[in-house]
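Q: Got a structure for you, written out below as structure tokens; questions coming shortly.
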Amino acid sequence: MDNSLPLESPSLSRRQLLNFITGAAVAATAGAALYPAGKFFIPPAETGAGGAILAKDVLGNLIPASQILAEPPGTRALVAGLAGEPTYLIVKEDGTLDSIGIVDNCTHLGCTFPWNPMDQQFQCPCHGSRYAPDGTVVRGPAPLPLKIVQVVAIDNSILISPWTENDPRTGEKPWWL
Ligand code: FES
């Protein structure tokens with residue numbers, strides 16, 4: 001007589017099925033409960049065509065173009081740009097917004113830096129690199145010009161998008177592409 005256990009126990013299969021159904025029900029309930037909370041913490045996608053985003057302040061509030069353009073000509077206004085990178089927007093002498101923004105990220109080791117209006121330079125406090133108003137290196141150790149982005153004001157909003165054309169300072173393909 002064969003006393004060995006059957007390879008598949010019907011009761012075990014029923015238990016597995018019940019466990020599966022119970023697990024699925026718990027997962028569905030938990031998912032339904034957590035969805036609104038998760039959605040709250042995931043920022044809505046605000047990336048437009050070509051990866052464009054709207055300029056914001058450090059708190060995540062949209063910055064109207066009129067706010068930047070109320071500043072005097074020559075102002076370098078820092079905003080949160082692509083991927084949250086701090087980015088300088090420039091008010092030109094004619095009171096309009098420069099179509100080129102300068103990313104505030106030193107090409108030496110990534111420090112942020114202020115604009116020095118007296119010297120008309122971006123000056124990195126970490127190791128002394130200096131950049132001209134257009135972001136080209138005036139003094140190292142920075143090895144590369146500052147990254148630039150495209151800036152356009154539309155209906156009082158400021159759109160910032162990746163710079164994908166040739167770098168106007170070198171005439172060559174940008175180093176960040
Ligand atoms: S990080 Fe700016 S000079 Fe070193």
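The values are calculated or read from the model by the stated rules, or taken from the named source; none is laboratory data. Predicted, not measured: the structure shown is a model, and the values here were computed from it. For neighbour counting, all protein chains shown are included, and Cβ atoms are generated from backbone atoms with ideal geometry for every residue, glycine included.
Q: Can you pull out every residue in region 143-152 that is among the aliphatic types (A, V, I, L, M) and under 22 Å from Val79 (Cβ atoms)? Step through it out loud before you land on a result.
A: If we filter region 143-152 for residues that are among the aliphatic types (A, V, I, L, M), which is where we start, we get 144, 146, 148-149, 151-152.
Hits for region 143-152 are Leu146, Ile148, Val149, Val151, Val152.
Q: Further question on the same structure: In region 122-130, is there at least one residue being assigned by TED's automatic domain parsing to the domain that holds Glu71 and either under 18 Å from Asp57 (Cβ atoms) or away from the ligand (no atom under 14 Å from the Cβ) (or both)?
A: First, the residues of region 122-130 that are assigned by TED's automatic domain parsing to the domain that holds Glu71: 122-130.
Keeping just the survivors that are either under 18 Å from Asp57 (Cβ atoms) or away from the ligand (no atom under 14 Å from the Cβ) (or both) gives none.
Looking through region 122-130, none of the residues is assigned by TED's automatic domain parsing to the domain that holds Glu71 and either under 18 Å from Asp57 (Cβ atoms) or away from the ligand (no atom under 14 Å from the Cβ) (or both).
Q: Only residues in region 135-146 that are on the phi > 0 side of the Ramachandran plot count as the first member; pair them with residues that are among the charged types (D, E, K, R) and crowded, with 17+ Cβ neighbours inside 10 Å, Cβ under 8 angstrom, at least 6 apart or cross-chain, and list the lot.
A: Within 8 Å, the pairs are Gly135/Lys147.
Q: Now a separate question. Name the residues in region 101-150 that are small (Gly, Ala, Ser) and at pLDDT 95 or above, would you?
A: To start, the set of residues in region 101-150 that are small (Gly, Ala, Ser) comprises 101, 110, 128-129, 132, 135, 140, 142.
The answer is Gly101, Gly110, Gly128, Ser129, Ala132, Gly135, Ala142.
Q: Further question on the same structure: If only one of Thr87, Thr107, Thr96 is more than 16 Å from the ligand (Cβ to nearest atom), buried (at least 20 other Cβ atoms within 10 Å of the Cβ) and polar (S, T, N, Q), which one is it?
A: Working: Thr107 fails: more than 16 Å from the ligand (Cβ to nearest atom); Thr96 fails: buried (at least 20 other Cβ atoms within 10 Å of the Cβ).
Only one candidate qualifies: Thr87.
Q: Out of everything in region 131-150 that is away from the ligand (no atom under 14 Å from the Cβ) and over 19 Å from Leu82 (Cα atoms), what residue ends up being surrounded by the most Cβ atoms within 10 Å (Cβ to Cβ)?
A: Of region 131-150, the ones away from the ligand (no atom under 14 Å from the Cβ) are 132-134, 136, 148-150.
Of the ones still in play, those that are also over 19 Å from Leu82 (Cα atoms) are 132-133, 136.
Numbers: Ala132: 14, Pro133: 16, Thr136: 14.
Step by step, filter region 131-150, then rank; the result is Pro133.
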